[in-house]
Amino acid sequence: MTTLEGPVGVEQVDRRPLLGYAFYLTAATLWSLNGVVAKIILEHGIPWYRLSEIRVTLAAVVLLVWISIRNRSALRLRRSEVVPLLAYGILGIAATQTLYLVALQRMPISIALLIEFTAPIMVALYVKFVRRQPVSNRVFAALALAMIGLAMVAQVWAGLTLDAWGLLAGIVAAIALAFYFLSGESLVAHRDPVSLVMFGFIAASLFWVVAAPWWSYPWEYLSFTAQFAGVGPELPSWLYVAYMVVLGTVVPFALAMASMRHISASQASVVGMSEPVIAGVIAWIVLGEILAPVQILGGVVVLVGIVLAERSR
């Protein structure tokens, strides 16, 4: 799931756009595959909030070790940062990750991502009407396209074919992701992106320490073995969890950051629109998730709306 936004500095020396696009497309593919891995774990009975808990906590540990080795000065935290970072981690990261898992459990992966990806439209509307900053009127076309596309995906004329709780979770996840983007824009002005995300994950993990203490963790749900795509040997659960943390979270974020040396944030966000498409293809191959033609067309309409919203800013 894409988690990159905000005014990240782009080096003007030795820019190689093709390399930047390759980095971000690889990150999008890893995030897409992460949705399939998460769904496999969820199918073995672990509660969605416990899966979110282990993901954010282990990712926080990995990022903390990385920062301690590479940039120890970034571990210093100013008192004025504490409350904004807690909000960023809890309302942005923890809420987005957890609600996405709820949606993932109740609907096809590509649809869950499409709904969550409407966050940029919410951001553009917030910037226009709350911050009263210049935003192109194309944002209204973007909103209209997103609503039409989502109606096609949900097939509302057939009485809403999507799970209602999954749909609600996806919408709230999009709101949480919009908050993540907006708060990240202000926080990244005073802190490098990697340490910012590290503190965000730490805040999210602290939230779960209180909400769902580790001493009551249902470890028995992580003692399974399962084939991937129904072929090959059965893999132990720890490999699936390791993928979620390392290849599904830390590595794609690092690739996304590296891509920003060669392409702009707006270019990267457009490449990121490939994530629901890639996730849909992988889910079709691995999980047998098939969308109706009208749902695929609706997904394309939503993606066009999201691109318009990105360009409106």
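The values are calculated or read from the model by the stated rules, or taken from the named source; none is laboratory data. These figures come from a predicted structure and were not determined experimentally. So basically every Cβ, Gly included, is an ideal-geometry build from the backbone, and we count neighbours across all protein chains shown.
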Review point. Does any residue of region 211-230 turn out to be at pLDDT 90 or above and under 20 Å from THR249 (Cα atoms)?
Key: yes
Check your understanding: Given the structure, is ILE54 among the β-branched types (Val, Ile, Thr), in contact (Cβ under 8 Å) with a residue 24 or more places away in the chain and either outside any helix (DSSP H, G or I) or at positive phi (or both)?
Key -> no
Exercise for review: Return a yes/no flag: does region 274-283 have any residue that is surrounded by fewer than 19 Cβ atoms within 10 Å (Cβ to Cβ), over 23 Å from ARG138 (Cα atoms) and of a type outside the set (Lys, Arg).
Suggested key: yes
Study note, to complete from the structure: Restricting region 75-117 to residues that are small (Gly, Ala, Ser) and either surrounded by 24 or more Cβ atoms within 10 Å (Cβ to Cβ) or in contact with an Asp or Glu (Cβ under 6 Å, 6 or more places away or on another chain) (or both), the one farthest from THR29 (Cα to Cα) turns out to be GLY89
Check your understanding: What are the pairs, 6+ residues apart or on separate chains, where a residue within region 119-135 that is in contact (Cβ under 8 Å) with a residue 24 or more places away in the chain has its Cβ under 6 Å from a residue that is part of a helix (DSSP H, G or I) and among the hydroxyl-bearing types (Ser, Thr, Tyr)?
Key -> ALA124/SER312; VAL135/SER312
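Quick check on this structure: which one of LEU150, LEU167, LEU162 is over 30 Å from ARG78 (Cβ atoms) and not in a helix (DSSP H, G or I)?
Checking each option against the conditions leaves just LEU162.
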Check your understanding: Condition test on LEU182, is it in a helix (DSSP H, G or I), modelled with pLDDT of 85 or more and over 18 Å from ILE109 (Cβ atoms)?
Key -> yes
Revision key, fill the gap. Note: among LEU206, LEU303, LEU239, LEU297, just one is buried (at least 19 other Cβ atoms within 10 Å of the Cβ), in a helix (DSSP H, G or I) and hydrophobic (A, V, I, L, M, F, W, C), namely LEU303
Review point. Take the residues of region 231-246 that are of a type in the set (A, V, I, L, M) and touching a residue at least 24 places away in the same chain (Cβ under 8 Å): which is nearest to VAL36 (Cα to Cα)?
Key: MET244
